[in-house]
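Trainee: For reference, the structure I am asking about is given below.
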Amino acid sequence: MAKDASFDIVSEFDHQELVNALDQTRREIASRFDLKDSGSELELEEGKKIVLTTTDEFRAQNIYDILEAKLVKRGLNPLILDKEEPEAALGGKVRQVINLKKGIETEMAKKIVAHIKEVKLKVQASIQGDQVRVSGKNKDDLQEAIQHVREFGDRQSMPLQFTNYR
């Protein structure tokens with residue numbers, strides 16, 4: 001009797017790689033002519049958000065673009081960043097909070113399960129906390145499900161990874 005194969009759909013990132021990308025961004029801010037003496041700061045708070053403080057919105061956007069590039073170089077998906085609107089801070093500065101997406105919310109998990117059912121593959125999907133487990137008898141069906149879910153995640157701007165493939 002064939003055993004079911006399965007995989008998990010998760011939305012995670014390597015925390016250490018994020019810290020490395022932030023360090024590289026800080027070094028580039030310190031060395032770039034247009035950002036060097038701006039007093040710009042990047043802080044990681046509680047591992048859940050990044051707080052960017054600088055003199056104006058244009059510099060904030062430049063620093064955000066540098067951060068995105070560093071994330072890509074470190075192998076992280078820039079979709080983990082959820083940028084809020086910049087707000088005024090003390091001393092005439094601009095403060096921008098960038099939330100980090102980790103885990104799949106229940107609503108998104110339900111959409112993923114519904115999408116898998118729409119495709120009509122012979123697989124079962126179930127929500128397990130902040131991840132979705134997909135199982136089936138045929139590994140080819142699982143591979144096809146990964147392709148469909150990857151495309152769905154890209155359309156939804158959701159960084160998805162596939163783990164525990166067995």
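Just so it is clear, none of the values below were taken in a lab; they were calculated from the coordinates. Predicted model, so just to flag it, every value in this text is computed and none were measured. Note: ideal-geometry Cβ built from the backbone for every residue, glycine included; neighbour counts use all protein chains shown.
Trainee: Which value in deg cm²/dmol, rounded to the nearest 500, describes the helix-derived mean residue ellipticity at 222 nm for the chain, given -39,500 (n - 2.57) per DSSP H run of n ≥ 4 and division by the residue count?
Mentor: Details: 4 runs with 65 residues, N = 166.
The per-residue figure over the chain is -13000 deg cm²/dmol.
Trainee: Based on a Kirkwood Rh over C-alpha pairs, give the Stokes-Einstein translational diffusion coefficient of segment 15-100 at 37 °C and viscosity 0.692 mPa s in µm²/s.
Mentor: D, rounded to a whole number, is 256 µm²/s.
Trainee: Based only on other Cβ atoms within 10 Å, what is the fewest-to-most ordering of 64, 165?
Mentor: Going from least to most buried by this count: 165, 64.
Trainee: Considering all alpha-carbon pairs of the chain, what whole percent are spaced by more than 24 angstrom?
Mentor: Numbers: 6243 of 13695 pairs.
I get 46 percent for the Cα pairs in the chain exceeding 24 Å.
Trainee: When 94, 132 are ordered from fewest to most other Cβ atoms inside 10 Å of their Cβ, what list results?
Mentor: 94, 132
Trainee: Residues in segment 126-166, backbone N under 20 Å from the label point at residue 107 (7 Å along the Cα-to-beta-carbon vector): list them, ranges by number please.
Mentor: 127-132, 152-160
Trainee: If you don't mind, there's one more thing I want to ask. As a footprinting exposure proxy, order 90, 67 by other Cβ within 10 Å, with the fewest listed first.
Mentor: Details: 90 7, 67 25.
With the fewest neighbours first, 90, 67 line up as 90, 67.
Trainee: For each pair in 48/70; 36/101; 73/110; 73/137, compute the distance between the two Cα atoms and list the pairs where it is over 25 Å.
Mentor: 36/101; 73/110; 73/137
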